[in-house]
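What follows is a short report on a single structure.
Only the coordinates and a few stated rules stand behind these numbers; no lab work does. In this text, all values refer to a predicted model and were calculated from it rather than measured experimentally. Reconstructed Cβ throughout: ideal geometry from the backbone, glycine too, with neighbour counts over all protein chains shown.
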């Protein structure tokens, strides 16, 4: 049974892309009037159990993550020994489509980086490192408005789209990442430790996302060499030397892409928030999915202001709720004596009473 037949009512429209391990097709559901993307493992790799397992693991990770900023998997199947899965269709293509050697406006870059950070943070909370964050793997979904064939959406349209992290084919659980023996990733964005063999953690994705932001803001990739350049990686040219950006942006980006993991931002959320502050476009808390309840609080996490009942201006907000009277306060018609003055008067009365008692006692004894 061919793939189109197995997918039933879905009609294959065209090929969206092809890589070394899989091909992605656009399918149309005429009954529901919606499009989906179908990713199928290449025939020549279908019999390789390790590649096959990696392909299926990508679908499982995306299905379990369930984030607006990760590509969602809707179905999984196999036909003629070839596995495939059905996922969200990104009608605006990838972020790579908006990179033409020109710089992006900083206020467009911040929300895109924040959305990518949101999707990656969900993976990180589940113990997964992406390891290949790059513009080609950051997909954008718009409002469904059809574009002419071959037309590229304007940057303003891309910037307004919903960004989804995709292509986890090389993702690996943190538990096994320290034993990594295969170099995977794209040299222009990947962290040096992915080549040197040092243990990986989520800061590898911080580096990659920082490299994507660097590319968007400057119009130049972080490095244009191969894997060998990563062995002795050095900090790049400050972004302000390539674009009209502030020193504050330099500090944030150079920290994100620092060759040594311990010098980077500790997590993608902290990096995104710091970048927004440096550019002057604060990241809204709604840009993020809620972190796992057991996850540690991220550095520089956005402050969430929760709604609460209005507090009357005359009521102290520092009074513990257990001490707050439930009885309506009565109007005060007179002038109150300050508490400190009342205490002083009482002390004087007590001293006079004690003196009088002592004098009376002495008089009785003398008699």
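Residue separation of residue 14 and residue 263 scaled by 0.36 nm, minus their Cα-Cα distance, works out to 85.1 nm of gained length. A simple spin-label model places the labels of residue 42 and residue 74 2.7 nm from each other, with each point 7 Å out along Cα-to-Cβ. In this rough spin-label picture, where each label sits 7 Å from Cα along the Cβ direction, the residue 228-residue 126 distance is 3.9 nm. Would the range 1-137 count as rounded, prolate or oblate if I go by the C-alpha gyration tensor, calling it rounded below 1.5 in a/c and otherwise prolate when a/b exceeds b/c, oblate otherwise? Taking the square roots of the gyration eigenvalues as a ≥ b ≥ c, the range 1-137 is prolate. Extending 7 Å from the Cα toward the beta-carbon at both residue 157 and residue 251 defines two label points whose distance is 3.9 nm. Using Cα pairs closer than 8 Å and at least 6 residues apart in sequence, work out the relative contact order for the range 91-292, in percent. Value for the range 91-292: 28 percent.
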